[in-house]
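Visitor: Here it is, the structure, as structure tokens.
The values are calculated or read from the model by the stated rules, or taken from the named source; none is laboratory data. For clarity, every value in this text was computed on a predicted model and none was experimentally measured. As a convention, Cβ positions derive from the backbone with ideal geometry for all residues, glycine included, and neighbour counts pool all protein chains shown. We work out accessible area using only protein heavy atoms, side chains counted, and drop any ligands, DNA or RNA first. Shrake-Rupley method; radii C 1.70, N 1.55, O 1.52, S 1.80 Å.
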Amino acid sequence: MSKSFRSIRGIHDGLTSDVRRWRHIEQTARDVFKCYAFSEVRLPVLEPTALFVRSIGEETDIVSKEMYHFTDQGGDDICLRPEGTAGAVRAYLQAGLTRSGSQRWFYTGPMFRRERPQKGRLRQFQQIGVEWLNVQGPLEDAELLAMAHAFLSELGLPSLRLEINSLGCPVCRPDYRNKLVVYLKSRTDCLCETCNVRIEKNPLRVLDCKNESCQAQLADAPEMASHLCNDCETHFFGLKQALDVLDIPYHVNPRIVRGLDYYNRTAFEIITDQLGAQGTVLAGGRYDGLVGELGGPATPAVGFALGLERIAMLLPETEAELPDIGIVAIGDSVSAYALNVAAELRKAGCSVVHCGGGSAKRQFKMADREHVRFVAVIGEDEMHSNHITLKNMADGNQETLVLNQVITTCLSG
RNA sequence: GUGGAUGUAGCUCAAUGGUAGAGCCCCGGCUUGUGAUGCCGGUGGUUGUGGGUUCGAGUCCCAUCAUCCACCCCA
């Protein structure tokens with residue numbers, strides 16, 4: 001048909017089979033998160049641009065080139081959120097919750113980043129985000145990972161790889177960063193162009209470079225793990241110990257670097273090899289400095305986000321829910337009666353469709369196309385005797401029943 | 001932002017530079033109170049868009065847009 005209107009590049013429609021899977025993922029998340037006492041919040045899609053510049057970091061790709069931002073009619077600089085954590089922290093502060101103990105939140109909704117579309121990468125995509133505000137122990141980090149692990153297992157996706165790392169904190173990271181810069185500067189010739197730029201702007205990102213020659217140079221690079229301060233060291237050790245106790249398999253990967261500036265200490269990713277280049281299905285970490293950065297009191301926190309579409313790609317197709325009953329009404333004289341029968345069936349919880357009009361043959365064809373389990377035939381005979389002829393479409397058998405029998409038959413599977 | 005591949009019917013795909021086709025879907029019929037399989041018939045295309053080469057372009061060239069994949073980035 002008309003191809004003059006298409007959805008915007010990288011922004012896709014969620015049709016029924018997609019939504020079925022998304023709902024399954026979301027429902028599983030709600031069920032699992034409930035056991036950990038997390039509660040749902042709904043946060044704005046539009047936020048002040050400055051919020052993300054401040055929280056994610058001006059030099060990051062997300063802020064420097066991927067945000068959809070614009071000036072609105074009132075002259076305010078606003079943007080479509082590229083992620084959820086900054087908005088959650090903003091809401092937490094705005095509601096004055098910093099003195100109310102810890103908050104356990106989750107949310108779901110669309111995020112927007114203007115990247116080049118690819119497998120597992122859209123310009124509008126959905127995340128389920130989890131934020132645990134005002135907690136500082138490694139046990140909470142472990143518990144959050146346990147929750148993520150339980151969620152993925154519940155979905156039947158246990159064969160994913162959990163990688164963890166510690167990014168240090170403002171006490172130990174600057175020192176480590178300096179050592180890394182010295183190391184990298186001694187071999188600038190062997191590093192790719194972008195990495196040479198990174199040495200000045202964000203040297204930790206060099207560790208994450210996928211360029212083989214860069215990786216080769218990093219074999220002897222100083223690792224954050226061996227430069228952690230005592231507190232970070234204890235924290236990381238505590239996390240690993242708790243994960244062992246909980247029997248959650250993990251791999252320490254010193255290469256994990258988060259692309260958002262607010263992370264510190266614990267960083268983690270859950271990865272699949274089945275999605276090509278975009279294999280990160282869930283990722284997050286600790287952001288102890290973010291609440292303070294956004295103007296609140298020093299408040300430690302952990303969180304993660306997962307990509308709904310990416311997880312959906314790992315799930316098998318789910319069957320559509322088909323109507324229980326198709327109404328075949330024969331003759332104009334019964335149409336009002338048939339309408340009432342349908343209403344009664346629906347009131348009882350059956351899903352019911354009318355099969356149009358015309359000949360019985362025509363209506364049965366329609367019933368077949370709708371894949372109904374049963375057809376309720378209603379003609380003058382049925383109307384006068386107050387019965388319904390119910391045909392089982394799978395085996396072709398049919399019997400004459402009263403309304404209540406029809407309801408039990410259709411609700412009993 | 002940079003590369004590579006691909007755009008033909010609603011869908012999946014054909015068509016040595018020479019009349020655009022098939023399967024599925026859809027619609028109708030096979031005597032009207034019984035569907036799927038069967039048989040017969042039918043609708044449906046400015047070949048993504050715009051230029052160019054040619055007597056002639058779905059096919060070759062250029063541009064543009066979109067999709068997919070990779071780089072990059074990240075959920």
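Visitor: Considering only protein heavy atoms, what is the solvent-accessible area of A:Asp288 at a probe of 1.4 Å, reported in Å² to the nearest 10?
Guide: We get 40 Å² for A:Asp288.
Visitor: Which residue, chosen from A:Leu162, A:His149, A:Val135, occupies the Cα position most advanced towards the positive end of the dipole of the range A:129-175, where the dipole is computed from +1 (Lys, Arg) and -1 (Asp, Glu) charges on Cβ about the Cα centre?
Guide: Checked the options; the winner is A:Leu162.
Visitor: Counting other Cβ atoms within 10 Å, keep those with at most 14, restrict to DSSP loop, and tell me which GluC sites (Glu not before Pro) in the range A:1-107 are left.
Guide: A:Glu58, A:Glu59
Visitor: Return the loop-located trypsin sites (Lys or Arg not before Pro) in the range A:181-231 (DSSP other than H, G, I, E, B) with at most 10 other Cβ atoms within 10 Å of their own Cβ; answer none if there are none.
Guide: Here the trypsin sites (Lys or Arg not before Pro) that fit, given the DSSP loop and packing criteria, are A:Lys210.
Visitor: With a cut-off of 8 Å between alpha carbons and a minimum separation of six or more residues, what is the relative contact order of the range A:325-411 in percent?
Guide: Result for the range A:325-411 is 32 percent.
Visitor: Given the options A:Ser166, A:Ser333, A:Ser100, which has the most mean-square fluctuation in a GNM of chain A, springs set between C-alpha atoms less than 10 angstrom apart?
Guide: For chain A, modelled as a Gaussian network with Cα springs under 10 Å, the answer is A:Ser333.
Visitor: Hey, what D do you get for the range A:255-413 in µm²/s if you plug the Kirkwood alpha-carbon radius into Stokes-Einstein at 10 °C and 1.306 mPa s?
Guide: It comes out at roughly 79 µm²/s.
Visitor: Convex hull over the Cα atoms of chain A, averaged projected area in nm²?
Guide: Mean projected area of the Cα convex hull: 27.8 nm².
Visitor: To continue, here is another question. Just add up the charged neighbours of A:Ile78: K/R +1, D/E -1, any other residue whose Cβ is under 12 Å from the Cβ of A:Ile78.
Guide: Result for the neighbourhood of A:Ile78: -3.
Visitor: Right, something else. What accessible area, in Å² to the nearest ten, does a 1.4 Å probe give for A:His12?
Guide: 130 Å²
Visitor: Next question. Would you mind telling me the share, in percent, of accessible area of the range A:128-188 contributed by carbon and sulfur at probe 1.4 angstrom?
Guide: 52 percent
Visitor: Leaving out ligands, DNA and RNA but keeping every protein chain, what accessible area does A:Trp132 have, in Å² rounded to the nearest 10, with a 1.4 Å probe?
Guide: The accessible area comes out at roughly 20 Å².
Visitor: What percent do you get for the relative contact order of chain A when only Cα pairs under 8 Å and 6+ apart count?
Guide: Over chain A, the number comes to 16 percent.
Visitor: Further question: So, in Å, what gap is there between the alpha-carbon centers of the range A:332-363 and the range A:96-135?
Guide: Cα centroid of the range A:332-363 versus Cα centroid of the range A:96-135: 45 Å apart.
Visitor: Return the subset of A:Lys34/A:Lys240; A:Lys65/A:Lys179; A:Lys34/A:Lys347 for which the Cα-Cα distance in this structure is over 27 Å, preserving the input order.
Guide: As for pairs spanning more than 27 Å Cα to Cα, those are A:Lys65/A:Lys179; A:Lys34/A:Lys347.
Visitor: Per residue, how much space in cubic angstrom lies within the convex hull of the C-alpha atoms of the range A:325-411?
Guide: 80 Å³
Visitor: For chain A, with every protein chain kept in place, what is the accessible area per residue (1.4 Å probe, Å²)?
Guide: Using a 1.4 Å probe on heavy atoms only, each residue of chain A averages 52 Å².
Visitor: Roughly speaking, to the nearest percent, how much of the range A:325-411's 1.4 Å accessible area is carbon and sulfur?
Guide: So the carbon and sulfur contribution to the accessible surface is 50 percent.
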